[in-house]
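Reviewing the structure listed below.
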Amino acid sequence: MKERKRRKPTCSQQCIAVLALVMLALGLGNLARIAMALRYAAQLPDLEMTASWTYLAVMGGFWCLVFLVCVLALMRLWPWGRWAALAATTLYQVHVWVNHFLLDANERARQLWPRDAALTLALLALVWVGLNWPSVRREFQTKGL
């Protein structure tokens, strides 16, 4: 029986796979946020908070779903997947920073803003540069034809 040779993924396909893994990590992180919110809501129902456990669980579920759709779209090279991943990552970070500004309740949380800003910039740079690389853009254009 003749064996088929597997083609090695191109550099742009490897880049897309790495970015899909980043999206998967963000999605799974939000899945963990749902579990944490549900667990703590049961254990600490009377805890005073600036955001409710329900809000945390719903937002975790929403962003988990968004990022998992982005992973699927990136891996299938759907033409809209590139833009969806760019938009989702950017809007997620906007949402994170709105939450920081409105919900951070103590000075310790505000002391972490410079670190959080650096992580936000690193994530956005990785996603925007990676998905706007010319060979990566061509992968999505040729798949859509």
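Sequence-ordered 3J(HN,Hα) estimates for region 94-105 from the Karplus curve with 6.51, -1.76 and 1.60 and θ = phi - 60° stand at 4, 4, 4, 6, 4, 4, 4, 5, 8, 10, 5, 9 Hz, glycine and proline given as x. Between the helical axis of 53-75 and the longest alpha-carbon principal axis of the chain there is an angle of about 10 degrees. Over the C-alpha trace of region 78-145, radius of gyration and Dmax come out as 15.8, 53 angstrom. Measuring nothing but protein heavy atoms, the accessible surface of the chain at 1.4 Å probe radius is 67 percent carbon and sulfur. The alpha-carbon atoms of region 1-60 define a convex hull whose volume equals 113 cubic angstrom per residue. The calculated 222 nm mean residue ellipticity attributable to helices in the chain amounts to -27000 deg cm²/dmol, summing -39500 (n - 2.57) over DSSP H runs of n ≥ 4 and dividing by all residues.
Across region 23-32, rounded Karplus estimates of 3J(HN,Hα) from the backbone phi angles (6.51 cos²θ - 1.76 cosθ + 1.60, θ = phi - 60°) give 4, 4, 4, 5, x, 5, x, 6, 5, 5 Hz, Gly and Pro being marked x.
The three principal axes of the C-alpha atoms in the chain carry coordinate ranges of 66, 36, 23 Å, sorted with the longest axis first.
The values are calculated or read from the model by the stated rules, or taken from the named source; none is laboratory data. Values in this document were obtained by computation on a predicted structure and should not be read as measured data. These accessible areas exclude ligands, DNA and RNA; they are computed on the full protein's heavy atoms, side chains included. Shrake-Rupley method; radii C 1.70, N 1.55, O 1.52, S 1.80 Å.
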